[in-house]
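Okay, so here's the structure we're looking at.
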Number of protein chains: 2
Amino acid sequence: MVRLVSVCASLTDDELALLEQLAMPTHFASGDTLFTQGSEAHCVYNVTAGVVRLYKLLSDGRRQVVGFALPGDFLGLAMRDAYGFSADAIGDVAVCAFSRAAYTALVDAKPHLLKRLHEFATHELTLAHEQMMLLGRRTAEEKLICFLLGMQQRWARLGKPSVTVQLPMTRQDIADFLGLTIETVSRTFTRLAKDKTILIVPGGVRVMNPERMHAVAA
Amino acid sequence: MVRLVSVCASLTDDELALLEQLAMPTHFASGDTLFTQGSEAHCVYNVTAGVVRLYKLLSDGRRQVVGFALPGDFLGLAMRDAYGFSADAIGDVAVCAFSRAAYTALVDAKPHLLKRLHEFATHELTLAHEQMMLLGRRTAEEKLICFLLGMQQRWARLGKPSVTVQLPMTRQDIADFLGLTIETVSRTFTRLAKDKTILIVPGGVRVMNPERMHAVAA
DNA sequence: CGGCACTTTGAATTGAATCAAAGTGAGTGG
DNA sequence: CCACTCACTTTGATTCAATTCAAAGTGCCG
């Protein structure tokens, strides 16, 4: 279902068959851990359904969410032998898991696939640079607006374009993604709702004033 | 000179010869622009000497430095058809430039090289995740200490291990990298020097208390 | 109905930003 | 060789955006 937008989009039939043979379909319940920062990297994952929270922890408990993986996204590309961040399920999640050995063999055998994965990695890097700009230089309101527009765009690319942005993650997750506290996120949501910039609905927000939001994000 | 630590380290002799044929050695004076965010991506660059500042700008002038490229580093990997950030020389810089056409052809012909570039990209992504943690969740003092240790480590990998960390960039560059103001960076340097954690020397700092610094960074 | 996890709101505090003013030092030209 | 400039850096005083501390409010689920 997510193949059209994922790595698989550009594969030949025989490559797809090979991939299918090596993929281990797995699923996780809400809150389950896919893998933990620092643990040995056994598998690479391709999310097929649901949303995954990716985060790093400091020894004193401070948390930075480095991303939210949506269907089609790859996890574990940036590993040496240990995962660089933790990943757990937000709601029910389905993935295709590939053992590291299978992944390595596949990549060596199919340069075509490697090229596609490399495109993925460089796209991720571009997003990471934008997130640095956001974390280092934007105000709380700008952070939240950029986040909402970013999520809207990502759902749209997955074939779910809507003025209502689904937000399956908690306020704390959003705060830890944007480098804010939960209170600041909550207050900023409330202020944007009072402005009539957004409307807060169960499980997400409805974009009411996209012009203003895009102007702020620009 | 930088080949041992760069992409070229794992190439065969004939691959190296091919690379050399396509590389256009270029050099830039202090402050020169290699390329600008949003402009058409003509070239990929491999830095051979000097330091390059990589940054993004917001329309109102706010700047985020997304990285400092040292000898051996690649620039322009994460491009679609326009550069995602600007790059300019800090001091004199030498690079090998590759036209986009040459780069694409090379990558298609040599999966071996692609694999190496992909490793580079995923390493960059890991660093970007660490920078997100730093920007989102660390204090000014922690940011500066992590930056100094990071630079020390990078110079060390290039074969210049030293307790004196060379800092060719300005305080403003450091501030824009760490998501701080120049005043906060200056004050924090002064405080660390008063602590005897570091000693400020022309063009850099000397690490005086690495134990404390590593403890803060952990 | 009560418990629990998450969210919102309010008041007080604070770390870093802003505003303002010297201080430093390399390069230039008289 | 010294005064002058210019860019960069440091230091001080004040302000403010976001955090922290504190307390309700909400709604889902057994």
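Overview of results
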read-out	value
B:D92 paired with A:R171, simple spin-label distance in nm, labels 7 Å along Cα-to-beta-carbon	5.8 nm
Tilt relative to chain A, helix A:111-137 - C-alpha long axis, 0 to 90 degrees, to 10	20 degrees
Computed helical MRE - 222 nm, the protein assembly as shown, DSSP H runs ≥ 4 contributing -39500 (n - 2.57), nearest 500	-14000 deg cm²/dmol
Solvent-free Debye scattering, log10 I(q)/I(0), computed from the Cα coordinates of the range B:164-216 at q = 0.30 Å⁻¹	-1.23
Added length on full extension, which subtracts the Cα-Cα distance from 0.36 nm per residue, B:R80 to B:K160	25.4 nm
Average other protein chain Cβ within 10 Å of Cβ, residues A:75-85	3
Neighbouring partner chain Cβ atoms per residue of A:170-180, average, 10 Å criterion	1
Diffusion coefficient, µm² s⁻¹, Stokes-Einstein with Kirkwood Rh over alpha-carbon pairs of the protein assembly as shown at 25 °C and 0.890 mPa s	106 µm²/s
For residues of B:136-147, the mean tally of beta carbons on other chains within 10 Å	3
Gaussian network model of chain A, springs between alpha carbon atoms under 10 Å - residue of A:R137, A:R206, A:R116 with greatest fluctuation	A:R137
Greater than 32 Å apart at Cα, pairs in B:K160/B:K194; A:K160/A:K194; B:K160/B:K196; B:K56/B:K196; A:K160/B:K110; A:K56/B:K115	B:K56/B:K196; A:K160/B:K110
Rounded to 10°, Cα long-axis angle of helix B:182-194 versus longest principal axis of chain B	60 degrees
Rounded tilt (10° steps) of A:100-109 against the dominant C-alpha axis of chain A	70 degrees
In range of the label at A:L22: residues from the range A:49-84 whose backbone nitrogen is under 14 Å from the point 7 Å along Cα→Cβ	A:77
Sites A:R206 and B:D13 - FRET efficiency at Förster radius 51 Å, r taken between beta-carbons, to 0.05	0.25
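Read-outs throughout are calculated quantities, based only on the coordinates presented, and are distinct from any laboratory measurement. These numbers come from a predicted model, not from an experiment. Note that we place each Cβ from the backbone using ideal geometry, even for glycine, and neighbour counts take in every protein chain shown.
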